[in-house]
């Protein structure tokens with residue numbers, strides 16, 4: 001078996017990139033040949049050291065191109081990228097190679113994937129977001145702050161100004177999605193769709209030609225010294241400060257519950273939230289060491305998202321650290337909170353419902369039980385990169401037999 005990974009970045013800049021890099025390294029550790037195609041001239045140095053064959057393309061995003069004619073062409077294809085990928089693919093045997101796609105829409109475009117499919121390569125799409133079904137990739141209406149229920153590319157979808165911007169800003173994304181789905185038929189020709197949670201799979205299934213298969217994301221182990229007592233009195237929100245993540249609901253809930261709140265992250269809402277909630281502590285985005293120090297102190301993590309998050313990496317990271325979690329049902333990782341008993345899942349996304357959960361978690365006995373559940377679940381569910389790649393091999397092998 002050979003594996004070619006397609007991801008717009010070959011270094012860890014987010015959750016999808018982290019999974020792609022760890023996957024490549026683990027495949028190589030097992031002696032499996034790996035190619036990695038990225039729209040990024042810089043790669044994680046571990047990839048080359050491990051013997052991963054790299055194709056690093058300094059491609060622009062359609063939104064970075066100022067020439068309108070070039071932008072229109074880039075919505076469907078980038079000739080330089082396609083020819084470079086063609087030369088790269090020649091070195092791999094289609095009958096024994098699976099192309100695993102993590103991200104591609106903004107810079108690589110769908111054309112290289114269509115090329116791989118036309119050459120006989122098996123393709124697997126990793127659905128870290130909703131790009132396989134939704135033109136904007138989020139499947140969320142930013143104007144109404146509700147999850148989208150429209151049929152993608154229907155008249156309702158096409159006419160909806162769902163981004164909180166004028167419709168003309170949605171047009172390039174609609175055009176590119178139409179090209180990928182209808183003209184190139186990327187998804188009809190795909191062999192496998194990988195979802196990252198049951199919620200993710202349930203949302204995708206009605207709009208895909210094949211039932212998505214849930215694959216548990218890998219996590220790096222948490223060392224004992226990185227676990228604190230976590231018996232402080234602060235509840236934490238970690239993430240981008242945008243309306244769909246509901247940081248305002250978190251802060252209002254903390255005030256109602258009479259508990260201290262810390263915001264770890266940043267974004268467009270930060271200034272207004274600071275003004276409205278001077279009682280809260282804002283750290284901004286933190287690098288690894290300061291983040292670990294904060295995580296040792298917090299009593300609970302709160303994920304009050306309105307958006308139907310495909311997973312929520314911070315949830316499982318918190319549970320591995322013995323930190324109880326309060327999550328809404330809109331978060332894919334709420335499944336882990338329920339399964340582990342390491343927190344509270346609420347259906348209502350209101351300050352009152354979150355405050356009630358905070359009050360429950362603030363009771364010493366309840367908190368101790370949930371922390372114990374978190375540590376017990378972590379010990380029996382490491383969700384290692386090795387387990388993740390075992391599952392990929394199990395799913396990829398039938399494709400190339």
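Compute the helix-to-body angle for 385-400: its Cα long axis versus the longest principal axis of the chain, expressed 0 to 90° and rounded to tens.
For helix 385-400, the angle is close to 30 degrees.
With the cut-off at 21 Å, report for region 144-244 the share of all Cα pairs above it, as a whole percent.
Every Cα pair in region 144-244 considered, those over 21 Å come to 59 percent.
Taking the Kirkwood radius as the inverse of the mean 1/r across Cα pairs, report the Rg/Rh of the chain. Don't skip to the end; give the middle numbers.
Working: Rg = 21.7 Å, Rh = 22.3 Å.
Using Cα coordinates only, the ratio equals 0.97.
Given a Förster distance of 51 Å, report the FRET efficiency between residue 281 and residue 166 from their Cβ-Cβ distance, rounded to the nearest 0.05.
0.90
On C-alpha positions alone, give me the angle between the axis of helix 247-257 and the longest principal axis of the chain, in degrees, nearest 10.
Value to nearest ten degrees: 20.
Considering only 324, 247, 278, give the residue with the highest GNM mean-square fluctuation for the chain, with springs between Cα atoms whenever their separation is below 10 Å.
278
Using label points projected 7 Å from each Cα along Cα→Cβ, tell me how many nm separate residue 240 and residue 347, to one decimal.
3.0 nm
Classify region 224-380 as rounded, prolate or oblate from the Cα gyration tensor: take a ≥ b ≥ c as the square roots of its eigenvalues, call it rounded if a/c is under 1.5, otherwise prolate when a/b beats b/c and oblate if not.
rounded
Figure the gain on full extension for residue 363 and residue 82 (residue separation times 0.36 nm, minus the Cα-Cα span) and round it to one decimal in nm.
Full extension of this stretch gives 95.3 nm more.
Sorted by average packing, counted as other Cβ atoms within 10 angstrom per residue and highest first, what order do 261-269, 103-111 take?
Going by the mean number of other Cβ atoms within 10 Å, highest first, we get 103-111, 261-269.
In the Gaussian network model of the chain, springs joining C-alpha atoms below 10 Å, which of 317, 248, 44 carries the largest mean-square fluctuation?
Judging by the Gaussian network model, the answer is 44.
Bear in mind that the values in this text are calculations on the coordinates, not laboratory data. Please read all numbers here as calculations on a predicted model, not as lab measurements. Neighbour counts are summed over all protein chains in view; Cβ atoms, including those assigned to glycine, are modelled from backbone coordinates with ideal geometry.
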